[in-house]
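Below is one structure, written out as structure tokens; the observations come after it.
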Amino acid sequence: KQKQKQLFLDLGQTDLGQRTCKKCGFLYINGVEADDKEHTRFCKGNKANVHISGWNDERVHMKKGSSRILEVRGNDAASHVKKLLQIKRMIEDALGFIEEEEFLERNHYIYLENDIVVGCACVESVNTAYPFSYDNEIVAIDKSKPMDVHVGISHIWVHSNSRRKGIAKLLLNIVRQKFMYGMTISLAHCAFSQPTKDGVLFGQNYCAP
Ligand code: ACO
């Protein structure tokens with residue numbers, strides 16, 4: 001049987017084909033009914049997206065095309081902190097409650113696509129970490145083997161629509177380059193707080209030599 005292929009009728013429209021919605025960040029094929037419907041549903045239900053349209057004094061660590069990585073800290077201007085707390089709510093939807101004071105003490109590396117927040121790494125200064133094993137979603141920590149580390153990844157989150165595009169990897173590369181002045185932190189000196197299944201799968205790839 002011959003495989004069906006999606007066809008487009010070009011009737012002169014200028015916006016046919018793959019596009020990313022500037023409002024919600026959804027990647028879809030414009031002109032394909034199922035994709036259009038899915039996008040409309042997603043866009044309507046997605047009032048929670050956080051927009052950062054550009055501050056004069058933003059700490060930009062990377063800029064490429066329509067994406068950029070910013071660093072925001074809890075003692076930045078009130079308008080910046082307000083955005084951080086909105087991001088906190090999105091992360092909490094995926095990872096559960098985060099204590100506000102502790103959250104604001106961390107440094108936040110934020111990945112934006114068309115000014116929409118699609119990823120965030122929340123990190124802190126940590127000196128000691130312990131190896132753990134992960135089996136059947138159970139994390140077992142071995143406290144007998146303390147290890148020297150320089151940075152702790154408290155939370156890492158990427159929007160469900162933007163996963164497996166290397167965003168978490170890029171965020172942690174920037175963290176390792178920028179967190180300590182004048183040096184790049186080696187993979188061996190990065191620690192993760194208690195990870196989820198996604199976190200373990202990501203970490204195993206990211207930390208593999
Ligand atoms: N399954 C299998 N392998 C994975 C997965 C997964 N779900 N996620 C990442 N990887 C591996 C892959 O090898 C991937 O490379 P590939 O896509 O070329 O195969 C590699 O890691 C790099 O992945 P990224 O694309 O950089 O990761 P992504 O941007 O998708 O973000 C993250 C990963 C942050 C874990 C995302 O899935 C997420 O936000 N999940 C929900 C929140 C969460 O669980 N966060 C981790 C909590 S633990 C903590 O915060 C310390």
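Quick notes on this one:
- Residue match in segment 144-165 (condition: more than 18 Å from Ile91 (Cα to Cα) and within 9 Å of the ligand (Cβ to nearest atom)): yes
- Identity of the residue in segment 170-200, farther than 22 Å from Asp93 by Cβ and of a type in the set (Lys, Arg), that ends up farthest from the ligand (Cβ to nearest atom): Lys178
- Within segment 81-94, the only residue that satisfies the criterion of being touching a Gly at 6+ places or on another chain (Cβ under 9 Å) and not β-branched (Val, Ile, Thr) is Leu84.
- Checked against (1) hydrophobic (A, V, I, L, M, F, W, C); (2) under 13 Å from Ile69 (Cα atoms); (3) buried (at least 21 other Cβ atoms within 10 Å of the Cβ), Trp157 meets all criteria but (2).
- Strands (runs of 3 or more DSSP E) contained in segment 26-142 and holding at least 1 residues modelled with pLDDT of 95 or more: 59-64, 67-73, 107-113, 116-125
- Among the residues making up segment 157-205, a single one is hydroxyl-bearing (Ser, Thr, Tyr), in contact with a strand residue (DSSP E or B) (Cβ under 7 Å, 6 or more places away or on another chain) and assigned to a loop (DSSP other than H, G, I, E, B): Ser193.
- Breaking point among (1) free of Cβ contacts under 8 Å to residues at least 40 places away in the same chain; (2) within 6 Å of the ligand (Cβ to nearest atom); (3) surrounded by 11 or more Cβ atoms within 10 Å (Cβ to Cβ), for Gly203: (2)
The values are calculated or read from the model by the stated rules, or taken from the named source; none is laboratory data. Predicted model only: the values in this text are computed from it and were never measured. For neighbour counting, all protein chains shown are included, and Cβ atoms are generated from backbone atoms with ideal geometry for every residue, glycine included.
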